[in-house]
Amino acid sequence: MGSEKNGNYQNDTKPVQVYGKIVLSLENSLLPSEKLIRSPSVADGLDQETESNLRIMGCELIQTAGILLKLPQIAMATGQVLFQRFYFCKSFVRYPMDVTAMACLYLASKIEEGPRRIRDVMNVFHHIRQVRCQKPITPLILDQQYITLKTQVIKAERRILKELGFCVHVKHPHKLIVCYLQVLTLEKNRAVIQMAWNYMNDSLRTDVFLRYSPETVACACIYLTCRKLKVPLPKNPAPWFTLFGTEEKDIIDISRRIMMLYKLPKINPDELENKVEQLRKSYEEERDKIRNTNVIVSENNTPNSNASQHKSPSPPPPKLKRDHDSRTKKERDSRPRKLRDYKIVNSDSEEECTTRSHNGNYWKKFYSYA
């Protein structure tokens, strides 16, 4: 009997229905190649080098602010990955980088269960900007500008959640590096572990987490570390990376992207902000022109717009005429008043009675004439 019940239960099970277009899984964190080739910022006229520098500067801001806020490294890594994902959906020209960086760090602190107040996040970013511009350190004043910035950060957080479809989970290769080194019997080498972690943290400034899986990134960090420290890795009976399901070409590509970070010149934040500001102004001017053109076209296409301008005024409504009385006013006033008879209908008892009244209009609503 028990086996029959289990069989019936298995036959009655229905396939899982998908109620939305967003799939929440760890496999959908990688972006397709067509999105990686042409980002929204490049479509808005921003060159690829400037976009890469803006991504690096935004990730550095998140990392520095996370250290000052005493957040765990996992929260800072999550904020940087969210930052990279968001700007493959939206443009640097249309959405300011610093506000988005604040929102990413604020959201990541809540995701990784180490929430910080939004006021603390804003204070830390304000302090970093003052240090970077070599200005005297002053506290953030609670004025209308502070309230406006706080509102922008809250709206930016909602926008990030909306654009990413609430898929804010991130799988980091921190633990994977330790597990892989244990398999390779290198877990006791502290220098290898530390340098592999450093390479992994630096790789967050690139887009490798949007191109490859965390397992591949972990293998690339181990590969770079062992080449730097001249630690041999097993090649027989098969290369070591095949044990973790990765390919050599992917490891080499990730290593090349990480090493390119160390060859870049020092970033000038003011120069980057000026470029973005010029593009933002031209974008806003073009947007205003399009809006004005659409308003003019809509006004011209409004039905009866020309007819209403040349249309003659409509005649006034006719006045209600009363019944003509041939008597003069003097004759009407001199006539003695008489009491008029009215038949009163009682709606409750349906009885009829007769009364006399000087004002028949008062009863007109309730009673009928005799």
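Odds and ends about this structure:
- Any chance Thr216 is in contact with a Ser or Thr (Cβ under 7 Å, 6 or more places away or on another chain), surrounded by 12 or more Cβ atoms within 10 Å (Cβ to Cβ) and part of a loop (DSSP other than H, G, I, E, B): no
- Residue in the stretch 149-201 that is surrounded by the fewest Cβ atoms within 10 Å (Cβ to Cβ), counting only those that are touching a Pro at 6+ places or on another chain (Cβ under 9 Å) and outside any helix (DSSP H, G or I): Lys171
- Residue in the stretch 303-310 that is surrounded by fewer than 10 Cβ atoms within 10 Å (Cβ to Cβ), modelled with pLDDT of 90 or more and more than 31 Å from the chain's Cα centre (by Cα) present: no
- Looking only at residues of the stretch 31-66 that are among the acidic types (Asp, Glu) and under 21 Å from the mean Cα position of the chain (by Cα), we find that the one that is surrounded by the fewest Cβ atoms within 10 Å (Cβ to Cβ) is Asp44.
- Within the stretch 67-104, restricting attention to residues that are assigned to a helix (DSSP H, G or I) and among the polar types (S, T, N, Q), the residue that is surrounded by the most Cβ atoms within 10 Å (Cβ to Cβ) is Gln80.
- Checking Pro237 against (1) over 28 Å from Gln48 (Cβ atoms); (2) surrounded by 12 or more Cβ atoms within 10 Å (Cβ to Cβ), the condition it does not meet: (2)
The values are calculated or read from the model by the stated rules, or taken from the named source; none is laboratory data. All values derive from a computational prediction rather than experimental measurement. Quick reminder, even Gly has a Cβ in these numbers, built from the backbone with ideal geometry, and neighbours come from all protein chains shown.
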